[in-house]
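S.K.: Questions regarding the structure given below will be posed in turn.
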Amino acid sequence: MSTRTTVDVPESIRTDGYYCEVPHEPCAVVMFGASGDLAKRKLLPALYDLAVHACLAPRFRLLGFARTPMGDEQFRSATSEAIAKKDGPGADEGKRQNFLSQTGYFAGDYDDPGSYRRLAQRLDELDGEGRLNGNRLFYLATPPEVYAHIVEQLGAAGLAKPVRDGSWTRVIIEKPFGRDGASARALNARVLSVFDESQVYRIDHYLGKETVQNLLVFRFGNGIFEPLWNRNYIDHIQITAAESLGVERRAAFYESAGTLRDMIQSHVLQLTSLVSMESPATFDATAVRNEKIKILQSIRPLQPEMVWKSVVRGQYGAGSVQGTAVPGYRQEPGVKPDSATETFVALKLLVDNWRWSGVPFYLRSGKRLARPGTEIAIRFKQAPHMVFQGNNVEPNSLVLNIQPDEGISLSFGAKAPGGQMEIRPVTMDFRYRQAFGAGSREAYATLINDCIRGDATLFDRADSVEAAWSLVDPVLKAWEAGASPPFPNYPAGSQGPHAADDLLASEGRRWRPL
């Protein structure tokens with residue numbers, strides 16, 4: 001039985017404040033796909049969140065662009081509904097109306113050159129009305145298949161280059177960035193034929209989460225842990241991104257993607273690079289991203305024969321999640337009745353460099369699992385000489401909780417009270433919400449704020465995207481060439497397929513329970 005202790009934080013640094021860096025320059029944000037689900041659920045609330053906390057420049061305009069016929073007032077009404085949940089009771093109606101007054105809508109077709117010529121005229125008008133200094137951010141929140149078309153149309157309309165000396169133009173591109181290495185390289189080529197790499201911000205919202213960013217501070221800002229962060233002291237590392245939800249309304253996308261493309265190639269490999277990278281010379285975009293790409297290039301490629309030994313895939317069947325009966329993946333609306341799409345992936349990776357030689361990284365991600373949560377768990381080696389025989393002392397663990405309850409936990413053995421030498425595991429917990437209050441930003445708000453300020457540290461670079469796909473491609477090819485497992489192979493609400501447990505058990509290890 002483990003005992004938990006909360007790490008206390010002095011009142012002098014407790015706060016319910018909302019941290020941000022206010023951009024010095026005004027700008028116009030053009031949101032492609034503004035009538036879509038991502039915009040309504042995440043992006044519009046994120047921009048509003050920044051606005052009401054004065055984390056946008058005072059002079060700001062938002063222009064929604066989509067194919068849906070709509071006027072400015074309709075879009076403002078839809079935006080008001082989208083931000084209502086973020087507002088909550090006691091919201092400042094003046095701030096809400098001020099934000100809505102700076103929004104507008106532009107109906108156009110993504111492939112129509114005339115739409116972009118009219119967009120250019122509209123932006124010139126907004127620039128004059130709002131004194132925006134020609135600064136523009138284009139956010140691509142559309143289906144991935146139109147990314148390249150939008151970028152090329154922006155270039156053809158003269159919208160990809162800065163308006164004048166001293167102004168800037170940037171573009172945020174959502175994941176997935178390609179569906180394999182070849183398509184990612186082709187998309188990069190088309191994007192970079194229009195925009196310079198310094199203008200392109202490939203977004204992965206996981207990197208905007210507080211604990212992900214704090215991982216770098218934890219490692220490189222403290223003298224206690226960094227000396228232990230290597231093969232001499234660490235036995236293995238587990239990275240988990242678990243969901244209790246099913247595919248919800250994303251069946252069409254998920255059938256063409258699956259967990260390997262949707263989660264492992266992006267979120268999970270990003271976490272892998274951050275937990276294992278070397279210290280950057282400085283904390284800026286170039287230095288941090290240089291160290292991340294070195295790790296991705298150091299991961300041992302999975303040869304075809306190793307895929308079947310080091311990678312497990314699964315698909316959930318009917319089951320029960322937190323007491324509620326749920327259908328299997330093949331029974332979800334929009335899913336083929338004989339679908340071979342994976343909803344779970346576990347794999348073992350090795351990093352061939354001086355720091356991590358011989359330390360396995362176990363990655364897993366899946367849907368309809370027992371409990372939602374994303375974490376990085378560092379398992380330290382057992383003490384070299386067990387003085388306390390018969391006490392079954394567990395190795396120490398350090399767990400970085402990414403979501404839903406952001407924080408850091410450290411477990412170690414301690415003597416239980418009494419005359420006997422009885423050792424019990426105890427855990428010290430640090431939780432962001434308890435320590436700093438509830439004022440932290442959503443991940444999307446953090447990243448949009450960074451982009452407007454021109455800070456690309458937490459965004460992906462072209463070479464990093466392609467390096468991640470080079471690790472995933474051999475798995476995809478092996479799966480295409482081989483037979484599918486007998487799906488479904490794990491019930492909803494479970495820990496995942498038994499084969500995933502065997503992946504670790506064969507080496508005397510086990511997953512942390514969900």
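S.K.: With the structure loaded, tell me whether LYS348 is buried (at least 24 other Cβ atoms within 10 Å of the Cβ) and of a type outside the set (Phe, Trp, Tyr) or whether it fails that test.
M.R.: For LYS348, the condition - buried (at least 24 other Cβ atoms within 10 Å of the Cβ) and of a type outside the set (Phe, Trp, Tyr) - is not met.
S.K.: If you take the residues of segment 290-316 that are charged (D, E, K, R) and surrounded by fewer than 19 Cβ atoms within 10 Å (Cβ to Cβ), which of them is modelled with the lowest pLDDT?
M.R.: Going through the qualifying residues, I end up with GLU305.
S.K.: Among the listed residues TYR206, TYR233, TYR254, identify the single one that is open to solvent by 10 Å² or more (accessible area, probe 1.4 Å), over 21 Å from ARG379 (Cα atoms) and aromatic (Phe, Trp, Tyr).
M.R.: TYR206
S.K.: Output the residues belonging to segment 473-514 that are at pLDDT 95 or above, of a type in the set (A, V, I, L, M) and within 23 Å of ILE378 (Cα to Cα).
M.R.: Answer for segment 473-514, where residues must be at pLDDT 95 or above, of a type in the set (A, V, I, L, M) and within 23 Å of ILE378 (Cα to Cα): ALA499, ALA500, LEU503, LEU504, ALA505.
S.K.: Also: Which residues, taken from segment 58-83, are in a helix (DSSP H, G or I), aliphatic (A, V, I, L, M) and open to solvent by less than 10 Å² (accessible area, probe 1.4 Å)?
M.R.: ILE83
S.K.: Within segment 35-57, count every residue that is assigned to a loop (DSSP other than H, G, I, E, B) and within 20 Å of MET70 (Cα to Cα).
M.R.: Going through segment 35-57 one residue at a time, the tally reaches 2.
S.K.: Can you tell me which residue is nearest to PRO23 (Cα to Cα) among those in segment 458-480 that are open to solvent by 10 Å² or more (accessible area, probe 1.4 Å) and in a loop (DSSP other than H, G, I, E, B)?
M.R.: Filtering segment 458-480 for residues that are open to solvent by 10 Å² or more (accessible area, probe 1.4 Å) and in a loop (DSSP other than H, G, I, E, B), the one nearest to PRO23 (Cα to Cα) comes out as LEU458.
S.K.: Collect the residues in segment 483-514 that are more than 16 Å from LYS309 (Cα to Cα) and not in a loop (DSSP other than H, G, I, E, B), keeping them in residue-number order.
M.R.: Listed by number, the residues that qualify are TYR490, PRO491, SER494.
S.K.: Would you please list the contacts, defined by Cβ atoms under 8 Å and residues six or more apart or on different chains, that run from a residue in segment 468-484 that is under 25 Å from ILE295 (Cα atoms) to a residue that is of a type in the set (Gly, Ala, Ser) and part of a loop (DSSP other than H, G, I, E, B)?
M.R.: Between residues of segment 468-484 that are under 25 Å from ILE295 (Cα atoms) and residues that are of a type in the set (Gly, Ala, Ser) and part of a loop (DSSP other than H, G, I, E, B), the close pairs are TRP469/GLY178.
S.K.: Sticking with this one: Which of the residues belonging to segment 84-134 are crowded, with 18+ Cβ neighbours inside 10 Å, more than 28 Å from GLU152 (Cβ to Cβ) and at pLDDT 90 or above?
M.R.: Result: PHE99, LEU100, GLN102.
S.K.: Let me ask something else. Spot the failing condition for GLU145; the list is (1) surrounded by fewer than 20 Cβ atoms within 10 Å (Cβ to Cβ); (2) among the charged types (D, E, K, R); (3) within 29 Å of PRO26 (Cα to Cα), and only one is missed.
M.R.: Result: GLU145 passes all but (3).
S.K.: Something else: Restricting attention to segment 173-193, report how many residues are in contact with a strand residue (DSSP E or B) (Cβ under 9 Å, 6 or more places away or on another chain) and either part of a loop (DSSP other than H, G, I, E, B) or free of Cβ contacts under 8 Å to residues at least 24 places away in the same chain (or both).
M.R.: 3
The values are calculated or read from the model by the stated rules, or taken from the named source; none is laboratory data. Values in this document were obtained by computation on a predicted structure and should not be read as measured data. Methodologically, a virtual Cβ is constructed for each residue, glycine included, from the backbone with ideal geometry; neighbour enumeration extends over all protein chains shown. Note: areas computed on protein heavy atoms with side chains; ligands, DNA, RNA excluded. Shrake-Rupley method; radii C 1.70, N 1.55, O 1.52, S 1.80 Å.
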